[in-house]
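Below: the structure, in structure tokens.
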Amino acid sequence: MSAGLLRNSFKGAASAAPFFPTLLDQLPNAIVVFEAENQQLIYVNAAAESALDLSRKSLEGQSVHDLFGSNESLNHMIQEIKAGHFSAQRQEMVLHSLPGSIHQDAIPAHVVVASLEDPALIMMEWFPIDQQLRSERDERVSQQVEANKQLMRNLAHEIKNPLGGIRGAAQLLEYELPEKGLREYTQVIIKESDRLQDLVDRLLAPHRKPHAMESFNVHEVLERVRSLVLAEFPKGLKIIRSYDTSLPEILGDREQLIQAVLNIAHNAAQALSSEIREGIAQIELKTRVARSVTISKQRYKMAMDLHVIDNGPGVAEDIRERIFFPLVSGREGGSGLGLTLAQTFVQQHQGFIACESSPGRTDFHIQIPYRRQEKS
């Protein structure tokens, strides 16, 4: 939106706030409008609500400095606009969100402060600098995943046919062997063939006919996952619920989502073996709502944010960029398929999955957009 159009949108006094155009709520960047004199917020768009993880009602009435603390760079920009030295200023800076907000990390952001036609009002817009980088990364990941899926499908089909022949030949050979002791070797061939057949089936399973979609409560999924993990790890592990119970039901495949989250949580529990022995292991299941999100270049009004966070040693640095690739595992004896399947299931819901990991904290982030049920 041009600066002129923005100014016209906010023409009038602060009392006109209830009539601000809803068009600003559709913009992807966070925008707030505040009074120049006391810097008190009178308007917050949906993207700003999402960025600060606070409702519009609780934000309006706060001052800009209540939100971002004593930020000298931001204060200087506001004073320059207020004095009429510039109509708009842009700068990259680090923003800190309101104390008590969930998002309390320092956020490197591109900030724009601009005057409006009414000199009593000032507009501030910001967006994380890494937003564009993430969009480019998501596109690369999507292309890589599609290439991997095609490769694994082709490879699985190429393996499947000769594998059946090997197993059949081993069975026939077993019948012809004169000594029973020699059958031990044919059993090795048969059992290993069966193991490989199971691996091939698991590689092909996500690409077969999709299941019927239904609306369901994501917290029912998380409670199922929680009970399954605690049944296997009953001592030394604490699973914390941090649910936003206001989340609406999501449209998807319940069993696929259970399997996706279970694969992640189960991996986390296995990585927490030392912490479990010490009795300090912790996994957090967290849900939030995200507004005005872009996933694979598609814009959605609202999405479900789901986090699986553990306090384990973190993902090994040498595989951190490849953990969703098939057959890549950070655990000895692991199949390397759990996270690949989780990614496939999430992408089949038009969502994305990402991981941020460092020693002491690993966060698997799933975001799935809310979509309407298609009419049959």
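Quick notes on this one:
- Out of Ala47, Ala14, Ala51, one residue alone is at pLDDT 75 or above and out of contact with any helix residue (DSSP H, G or I) (no Cβ under 9 Å at 6 or more places or on another chain). It is Ala51.
- Hits in the stretch 288-313 - residues which are closer than 18 Å to Ile239 by Cβ and buried (at least 22 other Cβ atoms within 10 Å of the Cβ): Leu306, Val308, Asp310, Gly312
- In this entry, Asp201 passes the filter for residues that are within 30 Å of Leu163 (Cβ to Cβ) and either touching a Cys at 6+ places or on another chain (Cβ under 6 Å) or modelled with pLDDT under 80 (or both).
The values are calculated or read from the model by the stated rules, or taken from the named source; none is laboratory data. Since we're looking at a predicted model, the values are computed, not measured. Please note: Cβ atoms are built from the backbone with ideal geometry, for glycine as well, and neighbour counts cover all protein chains shown.
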